[in-house]
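Have a look at the structure below before the remarks.
The values are calculated or read from the model by the stated rules, or taken from the named source; none is laboratory data. These figures come from a predicted structure and were not determined experimentally. So basically every Cβ, Gly included, is an ideal-geometry build from the backbone, and we count neighbours across all protein chains shown.
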Amino acid sequence: MEMRLAKLWRELLLATLILVPAWSQSGGRAIVVQRSEPRGFQPVYSVDEPSRAVIGLLHAPLLRIHSETQETEAVLAASWKVSPDGRTITVNLRENLRFSDGAPLTVADVLFTFAVHQDAAVASPLREVLQVGGKPLVVTAAGPRRAQFQMAEPYAAGERLLAGVAILPRHRMEAAYQQGQFRSLWGLGAKPSELAGAGPFRLKLVEPGRRMVLERNLHYWKRDKAGKPLPYLDEMEFLFTAGEDAQVARLLAGEGDLAASFGGGSYRAIESHRERRGIRLLDAGPSLDYTFLLFNLNPGGKRPWFAQTAFRQAVSAAMDRESIARLVYRGRASPIRGPVTPARLKWYAGPAAPAAEPRRLLSAAGYRWNGEGRLLDPTGAPVSFTLLVNAANPAYTQTGAIVEEDLKKIGIAVQVVPMEFRSLVDRVVNRKDYDAALMALRPGDVDPAADVNAWVSAGRTRLWNLSGQALHPWEASVDEKMRALMATRDQARRRRLFHEVQRILEQEAPMVCLVSPNLLLASRAGLENVRPGTIGDLVLWNADEWYWRRQ
Amino acid sequence: MTFLLRRLGGALVQLVAVSALAFALMELAPGDYLEDMRVNPQIPAATVARWRAEFGLDQPAIVRYGRWVRSVASGEFGVSMAYGIPVSELIAGRLGRTVALSLLALGLTWLLALPCGVWCAAYRGGWLDRLLGGGATVALALPELLVGLLVLQGALWAGWGPVSGRIGPAVAVLAAVSFPSVFRHTRSSVGQSLRLPFVDHLRAAGLSETRILFRHVLPASLNPLVSLLSLSLAGITSASLVVEVTLSWPGMGQLLLEAILARDVAVVLAAVMVAATLLQVANLIGDGLLYLADPRIRRRPA
Amino acid sequence: MKACLVFLLAIHLLAAMAGFVTAYPPAEQHRENAWEAPGARFPLGTDGLGRDQWSRLVHGARISLCSGLAAGVLSAGLGLLLGGVAGLAGGWVDRMVTRLMELFLALPWMYLLLAARAFFPLETDARVVFTALLLLLGAIGWARPARLVRGIVMSVKERESVLAARGFGAGQWYLLRRHIVPETLPALATYLSLAIPQYVAAEVTLSFLGLGFSGSTPSWGSLVGSMGSLDVLTDAWWMGLPVVVLAVVFGCYSIVSSALAETQRQGR
């Protein structure tokens, strides 16, 4: 219901978008209150969100995944074509593309960009991503405005590989690259005049720790339907604060025009002030994020019960997800039973089958209860385990308390252990010395390609079992289906396979999925076209279309 | 002169010891900078391995410490793993703002707390004593984090306009947080001196009470208060981390908070060195004050 | 003074009999009654999970008062010892101890706490971990009282009465017991009145640094911390009530401790 409303809302907004350009007003500045500062302007190495937010406005890729439709969309490319065998992608660049410094953007820049990412000496985080079947993409120029990408074997999400790879200005970066100084290029201290990109904005001013101002890129390629050049805004400013409360306070104090990625509590705080302050609030329903209770299913795990599907199912069935969403997230989260949230429009398999009664599941598996209501396993040992939670985030400690109480009701003693985040990850990933942990993951895309690392045996982030091997038939089955769906371009078949994987994960519950925090956004009334998306930057993805309504 | 030189030499040794111990402490804690990339499905394992080698995290601790020392010698103070630039460049602008905030807060605290403490010691149980005593108690029960939040909330509620990123509110909150300690110690220490016999002699000589308090009793109780000076500076620099973050003051606070959590070793070490240096300076000033004010100490060689 | 003692006694009695004076266990969640304002059923209201704030306050008193007190006394004791030795001995001993103080004031101890937390097996009772970490904080915190004590000892030992006593051949031990330790007591009492609240509330700052450690064990630190967000300050004023109680308790502690130091001084 929530989703449908959100969709309706989006469609209404889209309708107004088509009507507005005739009377929309260019100019002005929008101030975004961010919780964290970019670490630099280097598009290759930046993996943190605050840097990516700014870099996303300074640079542009060939293709991108539209944040609302979740389909591939041409950006610097005028068009693209995938060969029938699924191994070659041909991309045609738009005419007269220019970087923000006025230099032309040609196929040479495209070749340079991919050469940089694939160079082992550069150590780009995309190096392995830009490999198919263990072999790098072969990028060639097939004309002055045409580039060809060849893959060693058919890959289902081929063109999605290109999405998000910002095209770098060769004339600005090649010297440093040749001299082996690529990493120190475009750090936080870089002068705006050193930078160039093909995004809608360019850097104007940096005040470290305080704010950052971008101004419109006069050479930006995009125009609206009336032929007016984008972006509408003259300037974008980022105001840096730390912590949600400071972010909300600055928005409410009138220092900023927009804030996002805050939690339900902050939503609530803004809600009680918004009338007076002219703030518009938006809850766009579930995001791609999923929080889950993770069982340690590594070989050599200390808790024999975890290996039993019935036990994990009983734990999943005992969870009061509604309460977590209502109490911990103050109603701004959506209960989920599997790792794929409804926000992944075409990939979501629909609600899971209703769960059986937890006590029935347990007694069928040979568990009993003693006189005090404690759960005993078939050998007569009482069932108890520890649950690691990230101490820095109150939402996790509170979720932990709810899980503890829910499992107490079926006789399981859970001890919640709050722990500093990196200590926690060290236990889960390196030492594998834990029973269960509360974690959250954010897939980078809606396409199943984003889940491969997290779910298949060979993936380094299959947190429940990092042995690299399939220890159970269902793990092997997930491996098989994921492999099959990444090797075909038959979208209907991919969907079917992906739905099957979801059902397996819901059924086997190696991760007991709990909730997906909703996408929340607050903006000043009058700033139009601000719409939360699901992929990439959740708010800034269409900043080139924002404008101030004429008063 | 030799005294100063010896002090300087001692301070250098001290800074080396601080950096080595701080480094060792960071080694003790589990996890490293790359930990959160290990749970990010979007970052391939090979990238994490390569970055590990590039940051030198695969080297033994002693090698990394040696590398850091060499980098200090060249004036870079190490390279931040998160920002990819030398720490000296990273903290250049912010350090000054943190030091300014801390010193202003220190000044304000002492300016308020010292006279209040002296006055309340002389007029124990008076209305000011009761009021300030009660206020200090409430301030003690509230950690600096909450005081900052209350100011944010109060500003919103009363419509004072923006308070974030401004130095005034940040100084006020820091001073409010560190007031109780200076106030109470002054009050107790002056109270003790007031009972010394010489006070009665001065009273008998017909000096005014205010004059006795501020010209005679206060200098007599200076020694413990000077010790308190460097302590309150240490307290303020650590509290300023939290206050800067809650009130968005663009100093080292946020940078350091993220660096601590991210195990960005070079940034944390730099901050520790700054704190240690400040402490040394405060102690030097304190000793100088004592030397000037307390003839009993001046008699003996330092 | 008397009123304070009575109040403190009452609080400690309440904490000792926490189970009898509360209607619900502190961790019990009344999920339908989340964010309920104080009333007949929940005298101090409920928190976001519907837990009885009164019960959390009374049960939290146990662990917080005990470990806060212990950490404060530990740091004061160590400080008295090391600061006293430094002040009395002077010379290189003093220089060493002073250096050590500066070291302790500047180091990033948070990492030691992380290492200590990792040292405990996960199954360790949360209360044990809590107390151990707070005691560790107390042990680390010796430098502050030591600096104060050193300053006082240095000025006291030059005082005429002490010099006279020494002239009459009084031993070090006698001087220490009769002249020097009593002089430091008021300052230490003041220090304790400041340190105990800080140790009790240390958890708030630590969880801000990502190192909360109380888990589902109710503690005063977590109570104070739970009012620390804008939405709670806006909607749920009663979450601030525990702070009022804390302030009164700390105030009483301060009055009682300075009165005790005074009688000690006069009674010698």
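The table that follows gives values for the structure above.
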quantity	calculated
From B:17, B:24, residue being more than 30 Å from residue A:124 (Cβ to Cβ), more than 7 Å from every other protein chain (Cβ to nearest Cβ) and among the hydrophobic types (A, V, I, L, M, F, W, C)	B:24
Test: residue C:76 is under 30 Å from residue C:176 (Cα atoms), within 14 Å of chain B (Cβ to nearest Cβ), crowded, with 17+ Cβ neighbours inside 10 Å and modelled with pLDDT of 90 or more	yes
Residue A:314 being among the aliphatic types (A, V, I, L, M) and in contact (Cβ under 8 Å) with a residue 40 or more places away in the chain	yes
All positions within segment A:409-456 that are acidic (Asp, Glu) and more than 24 Å from residue C:27 (Cβ to Cβ)	A:426, A:433, A:445, A:447, A:451
Filter result for residue B:229 (modelled with pLDDT of 85 or more, surrounded by 15 or more Cβ atoms within 10 Å (Cβ to Cβ) and either in a helix (DSSP H, G or I) or in contact with a Gly (Cβ under 6 Å, 6 or more places away or on another chain) (or both))	yes
Whichever residue in segment B:32-56 is among the charged types (D, E, K, R) and either in a helix (DSSP H, G or I) or within 7 Å of another protein chain (Cβ to nearest Cβ) (or both) and, among such residues, is surrounded by the fewest Cβ atoms within 10 Å (Cβ to Cβ)	B:54
Candidates B:164, B:178 - the one that is polar (S, T, N, Q), crowded, with 21+ Cβ neighbours inside 10 Å and not in a helix (DSSP H, G or I)	B:164
Counted residues, segment C:198-213 - those being of a type in the set (Val, Ile, Thr) and within 12 Å of chain A (Cβ to nearest Cβ)	1
Residue in segment C:9-18 that is over 25 Å from the mean Cα position of the chain (by Cα), away from every other protein chain (no Cβ under 11 Å) and closer than 23 Å to residue A:398 by Cβ present	no
Selection count, segment A:326-367, where residues are in contact (Cβ under 8 Å) with a residue 24 or more places away in the chain and outside any loop (DSSP other than H, G, I, E, B)	10
Number of the condition not met by residue B:290 [criteria: (1) at pLDDT 80 or above; (2) crowded, with 21+ Cβ neighbours inside 10 Å]	(1)
Matching entry among B:113, B:121, B:139 (being part of a helix (DSSP H, G or I), within 14 Å of chain C (Cβ to nearest Cβ), touching a Gly at 6+ places or on another chain (Cβ under 7 Å) and farther than 22 Å from residue A:250 by Cβ)	B:121
Top-ranked residue of segment B:110-137 - restricted to ones that are crowded, with 17+ Cβ neighbours inside 10 Å and either more than 14 Å from residue B:187 (Cβ to Cβ) or of a type in the set (Gly, Ala, Ser) (or both), ranked as nearest to the chain's Cα centre (by Cα)	B:113
Output for segment A:406-417, where each listed residue is under 19 Å from residue A:368 (Cα atoms) and surrounded by fewer than 20 Cβ atoms within 10 Å (Cβ to Cβ)	A:408, A:409, A:413
Which numbered condition residue B:220 misses (of (1) more than 9 Å from every other protein chain (Cβ to nearest Cβ); (2) more than 21 Å from the chain's Cα centre (by Cα))	(1)
From A:64, A:98, A:87, A:52, residue being within 23 Å of residue A:127 (Cα to Cα), in contact with a Pro (Cβ under 6 Å, 6 or more places away or on another chain) and touching a residue at least 40 places away in the same chain (Cβ under 8 Å)	A:87
Some residue of segment A:476-487 being in the same structural domain as residue A:321 (by TED's automatic domain parsing), modelled with pLDDT under 95 and either of a type in the set (Ser, Thr, Tyr) or closer than 16 Å to residue A:336 by Cα (or both)	no
Residue pairs meeting the criteria (Cβ under 7 Å; at least 6 apart or on separate chains; first not assigned by TED's automatic domain parsing to the domain that holds residue A:434 and among the charged types (D, E, K, R), in segment A:368-388; second in a strand (DSSP E or B) and surrounded by fewer than 16 Cβ atoms within 10 Å (Cβ to Cβ))	none
Filter result for the condition that a residue is on the phi < 0 side of the Ramachandran plot, of a type outside the set (S, T, N, Q), at the interface with another protein chain (Cβ under 7 Å from one of its Cβ atoms) and touching a Ser or Thr at 6+ places or on another chain (Cβ under 9 Å), over C:151, C:221	C:151
Number of positions in segment A:437-458 that are surrounded by fewer than 23 Cβ atoms within 10 Å (Cβ to Cβ), more than 8 Å from chain B (Cβ to nearest Cβ) and in contact (Cβ under 8 Å) with a residue 40 or more places away in the chain	4
Only listed residue being crowded, with 20+ Cβ neighbours inside 10 Å and free of Cβ contacts under 8 Å to residues at least 40 places away in the same chain, chosen from A:162, A:137	A:137
Per-region count, segment C:95-121, residues facing chain B (nearest Cβ under 10 Å) and within 30 Å of residue B:3 (Cβ to Cβ)	11
Selection status of residue C:246, out of contact with any strand residue (DSSP E or B) (no Cβ under 7 Å at 6 or more places or on another chain), facing chain B (nearest Cβ under 9 Å), within 18 Å of residue C:67 (Cα to Cα) and of a type outside the set (Gly, Ala, Ser)	yes
Test: residue B:255 is within 13 Å of chain A (Cβ to nearest Cβ) and assigned to a helix (DSSP H, G or I)	yes
Only listed residue being hydrophobic (A, V, I, L, M, F, W, C) and modelled with pLDDT under 95, chosen from A:206, A:213	A:206
Answer residue from segment A:173-184, given it is at pLDDT below 90 and buried (at least 17 other Cβ atoms within 10 Å of the Cβ) and is farthest from residue A:46 (Cα to Cα) among those	A:182
Selection status of residue A:490, under 20 Å from the mean Cα position of the chain (by Cα) and assigned by TED's automatic domain parsing to the domain that holds residue A:337	no
Flag for residue B:297 being more than 10 Å from every other protein chain (Cβ to nearest Cβ) and at pLDDT below 90	no
Segment A:418-434, residues that are buried (at least 22 other Cβ atoms within 10 Å of the Cβ) and more than 7 Å from chain B (Cβ to nearest Cβ)	A:418, A:419, A:420, A:424, A:428, A:434
